[in-house]
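Below you'll find the structure, written out as structure tokens, and then a few comments.
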Amino acid sequence: MQFGFFDDANREYVITTPKTPYPWINYLGSEKFFGLISHQAGGYCFYRDARLRRLLRYRYNNAPTDVGGRYFYIREQDGSFWSPSYMPVKTELDSFECRHGLGYTKITGERKGLRAEVTFLVPMGQNAEVHQVRVKNVGGAPRSF
């Protein structure tokens, strides 16, 4: 089974399903602040020391489970909810894509005509991690969520 492909033009590895055998990790970082993020938004970040100054709880050797991380939830008007990263709620998505690039990860999930894209990065020279969320109605009908 193919889980993804290299996009040479954009210098990214593209994962096309959230259901891989193990978490596929990308490294984000600056001079003092670092993060690891999986294709399902699992992982952790730390300042200088991964053991003593970890900001998110995560057991890296806890494979194949990928719990704990940076999750965003979309709650539909009918009360159902989902996450663009598939985890942690595991609601089936109509489409999924994770792009691990040089210094950033972009995860896009789509469900019932609503697309959510989350970009994770650590800006150079900064001791912080940035999460940018974009939600777009790609269906024909107006949406409330």
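The values are calculated or read from the model by the stated rules, or taken from the named source; none is laboratory data. From a predicted model like this one, the values you see are computed outputs, not experimental measurements. As a convention, Cβ positions derive from the backbone with ideal geometry for all residues, glycine included, and neighbour counts pool all protein chains shown.
Checked against (1) among the small types (Gly, Ala, Ser); (2) in contact with a Lys or Arg (Cβ under 8 Å, 6 or more places away or on another chain); (3) in contact (Cβ under 8 Å) with a residue 40 or more places away in the chain, residue 113 passes all but condition (3). When we screen 103, 79, 68 for residues that are surrounded by fewer than 19 Cβ atoms within 10 Å (Cβ to Cβ), modelled with pLDDT under 85, of a type outside the set (A, V, I, L, M, F, W, C) and at positive phi, the only hit is 68.
Scanning region 1-35 for residues that are within 24 Å of residue 124 (Cβ to Cβ), small (Gly, Ala, Ser) and surrounded by 12 or more Cβ atoms within 10 Å (Cβ to Cβ) yields 29, 30, 35.
When only residues in region 1-18 that are at pLDDT 95 or above and part of a loop (DSSP other than H, G, I, E, B) count, which is nearest to residue 89 (Cα to Cα)? So the residue we want is 18. The set of residues from region 106-145 being buried (at least 17 other Cβ atoms within 10 Å of the Cβ), over 18 Å from residue 15 (Cα atoms) and among the polar types (S, T, N, Q) is empty.
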